[in-house]
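The block underneath contains the structure these notes are about, expressed in structure tokens.
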Amino acid sequence: MIGGLVCETCGVPLFGEEGFGAYCDNCLTSQPPWTAGRAAILYEGIGRSIVLRLKHADRTDMARGVAGLLAQAARELLHPDTVVVPVPLHWRRLAMRQYNQAALLAQELSRKTGLTCIPDALTRSGRHESLDGLGRADRFAALQGAIRVNPSRAAQVADRPVLLVDDVMTSGATCAACTQALYSSQVREVSVVTLARVAHSP
Ligand SMILES: [Zn+2]
């Protein structure tokens, strides 16, 4: 479990006294569009195997099991009217795999916190189904316009604080595209919680 001083926007652990309002070098260089972000665990060792199991096996039980960690990581980001929204899976992948691990996490987090979850608030299309193997700039380019707010859900997120949920944050490109889509739909603010954080962005 990540604890102590963390970067305010991406949740990566930092050296120093515990406090609020510290930023990592990456976020200072290129400030993410969301307000605040946290991660429960680092994407290494046992953290990595938890994420992989969530992706490929034991998914529902795993999601339920880690919901407490997510809720604890997100505790400073929650408001009574926060809407929990998962990062969307590309529709083609969804058709193939038939579930979205981010949506499972969002639903379990919502169950744990009593906050409203809208699993289909965001949709994802575009040419790239996966960002695996793409560098940082290519990740951002691949997502241009690919993530949108579901028109039938726009009224439910407008003027509300949104907590975006994903399983793992690498470059932050996906969360950035989701945040931009949400802001263009007039949400009040976006914060991000991920189960795991890759400590060093590629
Ligand atoms: Zn950061």
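The values are calculated or read from the model by the stated rules, or taken from the named source; none is laboratory data. Note that the structure is a prediction, hence the values are computed from the model and not measured. We place every Cβ from the backbone using ideal geometry, glycine too, and count neighbours over all the protein chains shown. What goes into the accessible areas is simple: the full protein's heavy atoms, side chains included, and nothing from ligands, DNA or RNA. Shrake-Rupley method; radii C 1.70, N 1.55, O 1.52, S 1.80 Å.
Please go through region 29-54 and give me each residue that is hydrophobic (A, V, I, L, M, F, W, C) and either under 19 Å from L105 (Cα atoms) or at pLDDT below 90 (or both), ordered by number.
Across region 29-54, the qualifying residues are A36, A39, A40, I41, L42, I46, I50, V51, L52, L54.
Could you grab me the full set of residues in region 158-175 that are in a helix (DSSP H, G or I) and either modelled with pLDDT of 95 or more or within 21 Å of L78 (Cβ to Cβ) (or both)?
C175
What number of residues within region 122-138 satisfy the criterion of being among the basic types (K, R) and either on the phi > 0 side of the Ramachandran plot or over 18 Å from the mean Cα position of the chain (by Cα) (or both)?
The total comes to 1.
Would you mention how many residues in region 1-34 are touching a residue at least 40 places away in the same chain (Cβ under 8 Å), in contact with a Leu (Cβ under 8 Å, 6 or more places away or on another chain) and within 13 Å of the ligand (Cβ to nearest atom)?
So the answer is 3.
Considering only region 179-192, I want to know if a residue exists there that is in contact with a strand residue (DSSP E or B) (Cβ under 7 Å, 6 or more places away or on another chain), outside any loop (DSSP other than H, G, I, E, B), basic (K, R) and open to solvent by 20 Å² or more (accessible area, probe 1.4 Å).
Scanning region 179-192 turns up no residue that is in contact with a strand residue (DSSP E or B) (Cβ under 7 Å, 6 or more places away or on another chain), outside any loop (DSSP other than H, G, I, E, B), basic (K, R) and open to solvent by 20 Å² or more (accessible area, probe 1.4 Å).
Among the candidates A73, A95, A67, which residue alone is within 16 Å of the ligand (Cβ to nearest atom), of a type in the set (A, V, I, L, M) and more than 18 Å from L131 (Cβ to Cβ)?
A73
Would a scan of region 181-191 turn up a residue that is modelled with pLDDT under 95 and among the hydrophobic types (A, V, I, L, M, F, W, C)?
no
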